[in-house]
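The values are calculated or read from the model by the stated rules, or taken from the named source; none is laboratory data. Predicted model, so just to flag it, every value in this text is computed and none were measured. Here the Cβ positions follow ideal geometry from the backbone for every residue, glycine too, while neighbour counts run over all protein chains shown. Accessible surface is based on the protein model in full, side chains and every heavy atom, while ligands, DNA and RNA are left aside. Shrake-Rupley method; radii C 1.70, N 1.55, O 1.52, S 1.80 Å.
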Amino acid sequence: MPFFPVLFHRRLVALLAILLAQPVFSAVQPSPGASLSDEEIIRQYKERCEYILNQTIETTDPNDLSTGSLFQVAVNLHKGTNIEWARKRLVFDNQPPSGNMFWVLPMVLLMQVAKDIEEETGQSLLTNDDWAFIRTLWRTYFPYRGDTENHWIMYYVSLYLAAEMFPEDGPERWYNGKSSAENMAEAREYIEDWIKITTSYGQGEYDSPNYIGEYTRPMALLAGWANDPVLRQKGKMMMDYLLLDFAVENLNGIYGGAHSRVYPRYLVQPSLTASAAHGWLFFNQGEYLANSSNILIALSGYTPPPILLRIAQDRDNPYIHRELKRTRWRLRNVGETAFEIDGKSTIPVYKYSYVHQDYILGSSQGGLLQPIQQQTWSLIWYEPKPAGISNTMFGIQPYSSPFEGTMYFGENWDTVTDLISRSKVDYDSEDKLEGGSPYEQIFQHKAALIALYDIPEGTRFPLIHTFFSRDLKNREENASGWIFAQGGPAYIAYRPLAPGEWKPVDWTGLLKSGAGNYFSATLSPTSGFEPLAGGSESYVSYELQNGYIVQIASVKDYDSYEDFKNAVVALPLEFSLTPTPSVTFTDLEGTELSAQYGKAPSINGKEVDYSTWKLFDGPFAQAEKESESLEMIYGQERYFLDFKNARIETSILPTK
Amino acid sequence: MKFLLSSFFILFFATLPLLADDSLVEPKLFAALGMTKSQKASPIPTDSGVFLYDTVNERWRRFGPTIQQVNSLSTDPSNPENIFLACGNGIVRSQDNGKTWRMVTGWRESDITKIVIDPSNGKNVYAASAWGVTISRDGGDSWSAANEGLVEKFSNSIVVDHLNPKRLLVATTAGLFVSYDSAETWEQIPTTPKIAILGLGRNKADPNIWIAGTEGNGVILSSDNGKTWQSTAPGLSTANIYGVTTDPFNGENLAAGGWGTGIWISTDGGKSWKNRGKELPSQNITATTFDYAQSGRLWASTFEEGTFYSDDMGVTWRSDDVVVPGATGSILGAYVNDLGFISVKK
């Protein structure tokens, strides 16, 4: 019974915290904006962290050894609750160990948490046998490093921290036959290299609403537990960096703009994403969502700078935000625009977002920027309670090909599509909702977007389609050729350049059958296809030379829906589809936008110069290419991340 | 034929001084596995690693660590206790005949497709990878990139010329390249197509014969020690050929297989070819090799439908590809990335 007093105390605190926290978080929070003090922002953040931990305890069933993640085990160890369950679950869950890079990370977390408590209290939560069991796992289980950017950073951060806990251990104690010192040196070199490349050229797996947690988890691990002060500091700084990247394209907790990777379930329900869970934790927006990354972050002690919440919440003035990212490393078919970083090929990704208090319209330039799960452009509109609402619109040319597969994966031409489709089942389906195409070019200026397609004969899926949510109101096809609709506080005008037809989303039935586990075939409100995506439609066009124009406006900018429609119909528009698609369109602000497939677009006759694109370029964030730095600005508040020197600067700017 | 056999034995004995005591080593068939067809709805490969064929019990048995995405393996001709695994994670080496293993590469090396060791100096180890050629001059303790002269880095295979160990050929996605200075520099072999070369092999009986499988151009063959190459097997001229092999006991016997092709066999040095193996459960061939211990036996792996052998040049096929009781895995239904022979200590 040595833990009884600790347990009793922790349970009491946990119960009180739940009781206190419950009413506060059961409803959507109003946005306090810039009016809150730093101290108050941090206090509320810590409350939310505590709420997460308490919720995790609440959902632990100490009588059931068959369920409960290692994250949940870590929280119970941290809180001193259900210790026997936690110890047994640790063993049960590792019979045998599995998950590779997804295994190493929570294992390190629970080891660090157990060590913290043991150092804090002088009492052992885990027995010597438990620790021996853990050490045996690290000797006998050979986890795969993986093949994506997120796999590698999770793997190496975890390896670093695991080795750091046993710094004197020799090669015989580790699965890979390397000593702790060797593992730490290798892991550190990779971590530092990843940070340098990210802050110099942008992330390869950029701005993913699903995978943001695969980066914040390892960075929070570093920030929370690295003994090395430089790595600890860099972990904190990269957390700030990743969250700023989200904050500037955030609308009420939803990640707007173009994304490297999104799964279909989350494309149609943005409020279910890991980024939405982060939106609640870091920006106090949206609603609580159970999320393992949030659990780890809550345990880590990482505290975001208050400027992040202010930037995320301030949507008083619409703004343009540009970013420079890069593609995943290209192995073959690298293309003419490719450049090398340390011997590996990539091409630039030019991101553009127009962030408005009522919507975010964002895009990348099109092309094969990411394998499989790219979202080239998207619209999201503001919803006060976005859960269950499909508050989004996007379009794709459903491309699948070994050309793309072998560009990014080392597999063979004949097997790569099959192997991709085993985990991303919709990859080779014409009604898929995500993916890039080499025949797609996107150009955006503020709230107007032009998409052009030049699809060769013989392409596997010779069509384009655009997602029209069931939650759009007043959708109508106007005699002028425009399709109009309203999404929340945003008016939407969509002008197809070639005829199309309406089909139910997922018209092949692949997803609604439950394929790929993205959607349950049942009517579960949180995972069933019908509750999440049923009723939405796709506008499908089979013309090979094709395109469309999207024009968004705030409802509050027009006296009526009719006024908006009339204004759009009156806009000057010229286009042709042959020999290649081209458009000249004057948007609602009177700016003339010209785009021709295969050429650089122009604004009022001036060609857009992508060569000057910065890593971050907007009112809240600035970063030059290759700078290894990031400047956050909010009013007079300046927060500067200097990765070269592992240094954070905060300052107050002079009044303008 | 006599000449070929005698060449083989001359070569065999010529290399003996380089080997450890030959009475202590034997050739073993290996299968390097990426995954099995049971993998669904997950990016994490299922069963994978290395399996060796137990000729006594006619069974496959797991060898080495359970490690994912193994593409190939090789042993040091001068010391078969040194074993190298070519893995997605990098290179894993054993120096004690498989008792213990060590990942000898760091984070810069990954997606290794093939490894060869200099038969005259086991310190020189060469690896092909998705990121180019990486070499070690200290038996695998340290590694560095060696891509000077390569047009594209992605390399599927690499072979060291055992008669002239400073000469290597590498199969890249831009064609075949040769090095005459132990991989310090590379130059394109002019008569080869500038397309992806998927597999590469050299005959042990007649070292003048080299064979390569291509992406989209079928099989190419050299009969002058890799200097000039010609297209062969017209029936495969547009196929993607993943497996090529030559008979170590008879340089006239060649075999090739690729996607949708089944196995094609030549018994006259490539002058004529016959399509065999139509009764195999799949015509998608991922790897093939002639047996180095049993003359006339040919092995072929189909894509996730089993690994088979034929003792009658492909007329009939047999499989011992069954689950091993008590073993941690099997190659049943595996995606075999490579099939070949290594020398192992008895």
### Task
Can you grab the distance from the C-alpha centre of the stretch A:385-411 to the C-alpha centre of the stretch A:345-365, Å, no decimals?
15
#### Entry: Within a Gaussian network of chain B (alpha carbon springs, distance under 10 Å), most fluctuating of B:126, B:242, B:53
B:53
### Task
Kindly identify the protein assembly as shown as rounded, prolate or oblate by the Cα gyration tensor criterion: order the square roots of the eigenvalues as a ≥ b ≥ c, call it rounded if a/c is under 1.5, otherwise compare a/b with b/c, prolate if a/b is larger, else oblate.
oblate
### Task
Calculate the length of the line joining the C-alpha centroid of the stretch A:220-298 to that of the stretch B:158-235, in whole Å.
50
## Note on the structure
Of the accessible area of chain A, computed with a 1.4 Å probe and all protein chains kept, carbon and sulfur make up a percent value of 52
### Ranked by how many other beta carbons lie within 10 Å on average, peptides B:192-202, A:244-254 from highest
A:244-254, B:192-202
### Task
Please give the peptides A:36-44, A:417-425, A:316-324 ranked by average Cβ packing (other Cβ atoms within 10 Å per residue), highest first, as a rough proxy for protection.
A:417-425, A:316-324, A:36-44
### Message
As I understand it, the value is the acute angle between the Cα axis of helix A:212-225 and the longest principal axis of the Cα atoms of chain A; what does it come to in degrees, rounded to 10?
### Response
30
### Task
Give, ordered by residue number, each residue of the stretch A:315-363 whose 1.4 Å probe accessible area is reduced by a minimum of 20 Å² on adding the remaining protein chains to the chain alone.
A:331, A:332, A:342, A:343, A:344
### Task
Ignore the peptide's own chain and count Cβ atoms of other chains within 10 Å of each Cβ in A:409-419; give me the average, rounded.
6
### Message
Per residue, how large is the accessible surface of chain A? Use a 1.4 angstrom probe and give square angstrom.
### Response
35
### Task
Return the residues of the stretch B:56-98 for which accessible area with all protein chains present is lower than in the chain on its own by 40 Å² or more; set the probe to 1.4 Å and exclude ligands, DNA and RNA.
B:68, B:89
### Query
If the viscosity is 1.002 mPa s and the temperature 20 °C, what Stokes-Einstein diffusion coefficient in µm²/s follows for the stretch A:562-656 when Rh is the Kirkwood radius over Cα pairs?
126
### Task
Would you work out if the stretch B:2-345 is rounded, prolate or oblate? Take a ≥ b ≥ c from the square roots of the eigenvalues of the alpha-carbon gyration tensor; rounded if a/c is under 1.5, else prolate when a/b is larger than b/c, oblate otherwise.
rounded
### Task
Could you pull out the pairs from B:114/B:278; A:236/A:446; A:424/B:153; A:236/A:625; A:432/A:644 whose alpha carbons sit more than 31 Å apart here?
A:236/A:446; A:432/A:644
### Task
Would you please name the GluC sites (Glu not before Pro) within the stretch A:457-495 that are DSSP coil residues with at most 14 other C-beta atoms within 10 Å of their C-beta?
A:457
### Message
At a 10 angstrom cut-off on C-beta neighbours, averaged per residue, how do the peptides B:138-150, B:218-230 rank from highest to lowest?
### Response
B:218-230, B:138-150
### Task
Give the carbon-plus-sulfur fraction of the accessible surface of chain B in %, rounded to a whole number; probe 1.4 Å, heavy atoms of protein chains only.
53
#### Entry: Accessible area buried between chains A and B, both sides summed, probe 1.4 Å, in Å² to nearest 100
3500
### Query
When you look at the Cβ of every residue in A:163-175, what mean number of other chain Cβ atoms sits within 10 Å?
1
### Message
Please give the Cα centre distance for the stretch A:589-656 versus the stretch A:149-216, rounded to the nearest Å.
### Response
29
## Note on the structure
Averaged per residue, the 1.4 Å probe accessible area of chain B, protein heavy atoms only, in Å², is roughly 36
#### Entry: Nearby lysines by direct alpha-carbon distance to residue B:346 (threshold 21 angstrom, same-chain neighbours under 8 apart not counted)
B:28, B:99
#### Entry: Residue mean of other protein chain beta carbons inside 10 Å, A:140-152
4
